[in-house]
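Throughout, read-outs are computed from the coordinates displayed, never taken from laboratory work. Predicted model only: the values in this text are computed from it and were never measured. Positions of Cβ are backbone-derived with ideal geometry, glycine not excepted, and every protein chain shown enters the neighbour counts.
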Amino acid sequence: MTQEKKFHVVHLTTDSAIGGTERMIAATAGGLPSNRFRSTVVTLLNRGELEHLCRQKGILYQSVAMRSKTDLFAVFRLYKLLKKLQPDILHTYLFHANIIGRVVGRLMGIPVVISGQRNVDIWRKWYHNIIDRMTSRFCDVIISNSFAGKIFLQEKVGIPADKIEVVHNGIILPEIPKSAPSDTFTIVNIASLTKKKGQEYLITAFSRLRQHGISAKLVIVGAGKRHSYLEECAFSAGVKDSVLFAGFQKNVVPYLIEADVFVLPSLWEGIPVALMEAMSYAKPCVATRVGGVPELITHGKDGLLVNPENSVELFDALLHLFKNKTLREQIGDTARKRIESEFSLNAMVDSIAEIYNRFTKDF
């Protein structure tokens, strides 16, 4: 009996700092059928938490130690590394890795090159879209984690719809431990401290809650360049003592368990993993109506949606949930069921494996 070929997949991404994309990469690389695929994760930039996560899961990891996103010598190092690894499939994620990976992959003649669209990138300049469109011919398919991302690529970048497939992020449904009751209304945000996450609007909304005499605290879990700025926002809003900046945490579960409400006030998103995780813990969530978020939350059913950059709407949603514990429980329970039925890790990995199989069927 002829043994079925095992295909080598290299997952190439830009950074090794842990966020939703990096966790989905590790979940995909570690979840693919081992009798059919083997994976190596490669990052362009610094070694970081993604390396440790890969090591824990037994996934091979490499970095080309790009000093900056204009480090052309790192592109040559990537070429040499891929020559050594000899992948059958090169799956790239995020803008810079997509562009560099497509070009290098085709120069090397890697049989299958797949790109990932992880966000609705409103930060892009016109030339980013031109570069994306021009290099998209060098990849076989683009996997978007949201329909919003697919529409963005079609309408803003000009990539044909038939070149883009949608595979939603997926997670494992957790067991929910019991939490100790508290008289303090706890609001939790888990996200990088970057402009796109919009935490300043949450701080403003939270300050209005406090002005209404509500015993509440805000916990912001994450690290980033805006830490000092956000601390200044909390100070200016008069809520410095009620806002905890917990920094980056490898294990965010204790914060999710503590939360009465989870809030994600992003300015743009794909399918946010932190929001999915909060929903999986049956937490009522308030999130902005951006990117793929409405694909996760149906307003009033399994969460509440507000417009971005609108602290008034955010305050109104938080006040509504504070006043109605029964509604919080109903929304949380429905949110967990939504994740269980539509956003499982197995469904995500199976869909990606099916795409890999389709493009390698003639090998």
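Return the subset of Lys301/Lys323; Lys195/Lys301; Lys84/Lys250 for which the Cα-Cα distance in this structure is over 21 Å, preserving the input order. Before the final figure, lay out each step's value.
Details: Lys301/Lys323 17 Å; Lys195/Lys301 28 Å; Lys84/Lys250 32 Å.
Exceeds cut-off: Lys195/Lys301; Lys84/Lys250.
So for the range 185-342, averaging the separation of alpha carbon pairs under 8 Å that are six or more residues apart and normalising by length, what relative contact order in percent results?
Numbers: 303 pairs, mean separation 39.0, N = 158.
Relative contact order of the range 185-342: 25 percent.
Applying 1/(1 + (r/R0)^6) with R0 = 25 Å to the Cβ-Cβ distance of Arg358 and Ala17 gives a FRET efficiency near 0.20. Under 14 Å from a label point set 7 Å out along the Cα-to-Cβ vector of Arg77, the amide N atoms of the range 21-52 belong to 42-48.
The distance separating the Cα centre of the range 59-91 from that of the range 320-360 comes to 33 Å. Of the GluC sites (Glu not before Pro) found in the range 163-271, those that fall in a DSSP loop while having at most 10 other beta-carbon atoms within 10 Å are Glu175.
Return a whole-number percent for the relative contact order of the chain, with Cα pairs under 8 Å and 6 or more residues apart as the contact set.
Details: 695 pairs, mean separation 52.0, N = 363.
About 14 percent, as a whole number.
The Cα atoms of the range 185-342 cover 42, 31, 28 Å along the three principal axes, with the biggest extent listed first.
In straight-distance terms, cross-link reach from Lys80 covers every one of the lysines whose alpha-carbon lies under 29 Å from its own, apart from those fewer than eight places away in the same chain; here that gives Lys5, Lys6, Lys57, Lys69, Lys163, Lys361.
Please list, by residue number, every one of the GluC sites (Glu not before Pro) in the range 1-64 that is coil in DSSP and has at most 10 other beta-carbon atoms within 10 Å.
Working: sites: Glu4, Glu22, Glu49, Glu51; in loops: Glu4.
For GluC sites (Glu not before Pro) across the range 1-64 that sit outside H, G, I, E and B with at most 10 neighbouring Cβ atoms in 10 Å, the list reads Glu4.
Farthest towards the positive end of the charge dipole of the range 22-173, among the residues Leu90, Ala74, Met24, is the Cα of Ala74, using unit charges on the Cβ of Lys, Arg, Asp and Glu. Couplings 3J(HN,Hα) for the range 86-100, derived from phi with the Karplus relation 6.51 cos²θ - 1.76 cosθ + 1.60 (θ = phi - 60°), are 6, x, 7, 10, 10, 10, 9, 9, 6, 4, 5, 5, 4, 5, 5 Hz, where x marks Gly and Pro. Scaled to the globular estimate 2.2 N^0.38 Å, the Cα spread of the chain, given as radius of gyration, is 1.02. Do the sum for the chain: with -39,500 (n - 2.57) for every DSSP H run of n ≥ 4, divided by all residues, what is the mean residue ellipticity at 222 nm, to the nearest 500 deg cm²/dmol? Counting only the DSSP helices, I get -12500 deg cm²/dmol. Placing a label point 7 Å from the Cα of Ile176 along the Cα-to-Cβ direction, the residues of the range 276-290 whose backbone N falls under 16 Å from that point are 276-286. Close amide H pairs (under 5 Å, H built 1.01 Å from N) link Thr92 with Leu12, Ile114, Ser115, Gly116, residues at least 5 positions away or on another chain. Amide H contacts under 5 Å for Ile171: Ser344, Leu345, restricted to partners 5 or more places along the chain or on a different chain, H placed in the peptide plane at 1.01 Å from N.
Work out which trypsin sites (Lys or Arg not before Pro) in the chain are exposed loop sites (DSSP not H, G, I, E or B, at most 11 other Cβ within 10 Å) and give the longest gap free of them.
Numbers: sites that count: Lys5, Arg67, Lys125, Lys178, Lys225, Lys250, Lys361.
It runs 251-360.
Database remark: amide H of Val41 closer than 5 angstrom to the amide H of His11, Leu60, Tyr61, Gln62 (H placed geometrically; neighbours at sequence offset of 5 or more, or on other chains; Pro and chain starts carry no H). Distance from the alpha carbon centroid of the range 1-48 to that of the range 260-318 works out to 29 angstrom.
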